[in-house]
Structure formats: structure tokens, C-alpha cells
Amino acid sequence: KRYSVLYSLPVWLVKKLIDQFGEERAVAIMQSLFVRNKASIRVTNLDKLADIKAATGAEQSILSPVGLVKTSGHFAGTDYFANGNITIQDESSQLVAPTLNIQGNEDILDACAAPGGKTTHMASYLKEGHITALDLYDHKLTLVMDNAKRLRVADKISTQKMDATTVHEHFAPDSFDKILVDAPCSGIGLLRRKPDIKYNKETADFTSLQEIQLEILGSVCQTLRKGGIITYSTCTIVSEENFQVVEAFLESHPEFEQVKLEHECKDILKDGCILITPELYGSDGFFISQFRKISE
């Protein structure tokens, strides 16, 4: 209760953080939520990275080789943004697309695409390949395409309005080489930027969200080719939506194996997954994992 008052968090969330991370790290996480969020961008043209860094007074992201960060700043008001040389994307979110190891000619499904930060990042690796981007709402799909046009990758992306839990009903088996499920989640990793989240969630939410997350994975995995990979990511740090989902999916889908992810920053690696908590690098909290469809 003392921590709850001190850090302005509901008691259930304080308890969950302490149970999951231990008291010391939980307190560090809670304290970090009072530090203002950095402005963070992804540079789309690496030849211009040094120029953009100098012109904006930004620093290189420790987490992402294509990311620049600044304690504050209005990147969206610059010509670099208007010209599609940069896009606003948290540095933790920039780690998702590289895990798919895109070679350039794959058919890729982005099952929960809006607003398109990861979609356009994946598209930047494509030459002949294509991304099918799904979302539930028309206005969100418009956002994806607006982003894609500004970043000049719209020719690599097509959108469809669809519930990701029904993907297997609309696409044949072996439709995709790679799939991204950036799943709907509680957003606990975004508390620094969206403090209202803590008042809109209850512990019961995690169970119902886990069901949806597993339903989406269970649907999309039926459309993946043998040897193909699924990256599963969330902007939360709660194990019910992360490690427990990985475990439950692998248990119910023996035709899949976990792919262990790597990163130079070893403190964000856990059980073959990437788990970034907000106190480590001042970024959003984020989780990334990966599965491969066994080819034998």
C-alpha cells in the first residue's frame, strides 16, 4: 500500500510487479515511470543517420542501430519527417522487424498492423516481397497506408480489414513465409506515456487478453509455410501475456519450436526472449519472442 501511494499505482499492479521482478527491480520500474519519456525515432535512410543526428541534436539509441533518441523534441515537425527520412517509433519497438531476418522476397503477414510502425519497418527490407497488413478498423488501416506512403513503401503493403483470430478462415495453408503478431495487450509497458492505463485495467484483464493472444497465434500459425517463423510481441511486461503465452502456444502446437533471440544488450534477454522493462534504457516496456514451424 505504501508503494501504491508513493508511486500512484493500484495495489494489484504493485503486487504483480513485486511478484514477477522482486522488490528491488519492481521499485526501480515504478520509479522509472516518473521519468519523462524520450522522443524516439527510426531513421529510414541510414546514409543520412549522421546528418540527422547532428541536425536534430539527438543521440544514437543503445538498443536500436537505426534509432535516435532525445530527452525531448518535436521530430514530427521536421523536413526529415515530412520527407520520410525518419518516423516516430519507440526504440524498443524498432527491435521487432529485425528479428524476422527478412531477405527481401517473402510473403509476410502483419496480423495486428495499425498504426504501421512495424509494418513499414518490415517493408523497408523488401525487394520483391509483400506484406498483408490486417486490422479490425478502417480508420486504423488508413493510418497504416498513410505511414507507408510517407515512407515510400506503400507498393510493398496491402491492407485488409479482418479479425486476426479468423486469419485461417481467409488464407490458405502455406500462404506466408513470415508472420508478425504484435498482439493486443494490456499496454503495461507504456505506463510512462499513458498513465491512464493503470486505472483502466484489472488483473482479470490479463487472463482474457491471454486467451485472445493465443487465439490469434492459433489462427495465424495455420497459414505459415514449413520452416517459416512467427514473431510474437507485446508492449507489456506482464508474464501472463508474454512468457505464459509462449509456453502455452508451444505446448498446444508441437509442430512449432522456439527460436532463441539474441541482442548485444544481454540484460534484455530472458529465456530466449527479449524483455525490456522501462527502467533499463528509459524506453517503453516491451516483449519479443519467436517460433519456427518445424520443417521435417
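The values are calculated or read from the model by the stated rules, or taken from the named source; none is laboratory data. Since the model is a prediction, treat every value here as computed from it, not as a measurement. Glycine gets a Cβ as well: all are built from the backbone with ideal geometry, and neighbour counts include every protein chain shown. Remember, those area values only see protein heavy atoms, side chains included, never the ligands or the DNA or RNA. Shrake-Rupley method; radii C 1.70, N 1.55, O 1.52, S 1.80 Å.
Kindly report the accessible area of segment 109-258 per residue (heavy atoms of protein chains, probe 1.4 Å, no ligands, DNA or RNA), in Å².
The answer is 42 Å² per residue.
Highest mean packing comes first when the peptides 168-178, 251-261 are listed by Cβ atoms within 10 Å, giving 168-178, 251-261. The mean of 1/r over all pairs of different alpha-carbon atoms in the chain, once inverted, gives a Kirkwood hydrodynamic radius of 19.7 Å.
To put it simply, the accessible area of segment 1-71 at a 1.4 Å probe is 55 percent carbon and sulfur. Per the Kirkwood formula applied to alpha carbons, segment 32-78 shows a radius of gyration over Rh ratio, Rg over Rh, of 0.98.
Rounded, prolate or oblate for segment 14-127? Axes are the square roots of the Cα gyration tensor eigenvalues, ordered a ≥ b ≥ c, and the cut-off for rounded is a/c under 1.5. It is oblate, given that a/c is not under 1.5 and a/b is not larger than b/c. Taking every C-alpha pair closer than 8 Å and separated by at least 6 residues, the mean separation divided by the residue count of segment 42-82 gives a relative contact order of 33 percent.
When the Cα atoms of segment 162-296 are aligned to their principal axes, the ranges along those axes come out at 43, 33, 22 Å in descending order.
Could you give the semi-axes, largest first, of the ellipsoid that matches segment 139-219, computed as the square roots of 5 times the alpha carbon gyration tensor eigenvalues and rounded to whole Å? Please report the intermediate quantities before stating the final value.
Working: eigenvalues 145, 86, 19 Å².
Over the Cα atoms of segment 139-219, the semi-axes work out to 27, 21, 10 Å.
Please tell me the relative contact order of the chain in percent, rounded to the nearest whole number, where contacts are Cα pairs under 8 Å and at least six residues apart.
Averaging sequence separation for qualifying contacts and normalising by length gives 17 percent for the chain.
What you get for the chain, charging only the Cβ of Lys and Arg (+1) and of Asp and Glu (-1), is a dipole of about 1020 debye around the Cα centre. Once Rg and the Kirkwood radius are both taken over the C-alpha atoms of segment 1-62, their ratio Rg/Rh works out to 1.25.
Measuring between alpha carbons in the structure, the pairs from K127/K149; K70/K270; K118/K178; K156/K266; K16/K194 lying more than 22 angstrom apart are K70/K270; K156/K266. Based on DSSP H segments of at least four residues, each scored -39500 (n - 2.57), the chain has a per-residue ellipticity at 222 nm of -9000 deg cm²/dmol. Directionally averaged projected area (segment 237-296, Cα convex hull): 4.4 nm². Can you classify segment 77-200 as rounded, prolate or oblate using the Cα gyration tensor, where a ≥ b ≥ c are the square roots of its eigenvalues, rounded means a/c under 1.5, and otherwise it's prolate if a/b beats b/c and oblate if not? It is oblate, given that a/c is not under 1.5 and a/b is not larger than b/c. How high is the relative contact order of segment 239-285? Use alpha-carbon pairs under 8 Å, at least six apart in sequence, and give a whole percent. Taking the mean separation of contacting Cα pairs over the length of segment 239-285, I get 19 percent. The spacing between segment 133-209 and segment 62-120, judged by their C-alpha centroids, is 15 Å.
Where does each of 151-164, 227-240 land if you order them by average Cβ count within 10 Å, highest first?
Going from most to least packed, we get 227-240, 151-164.
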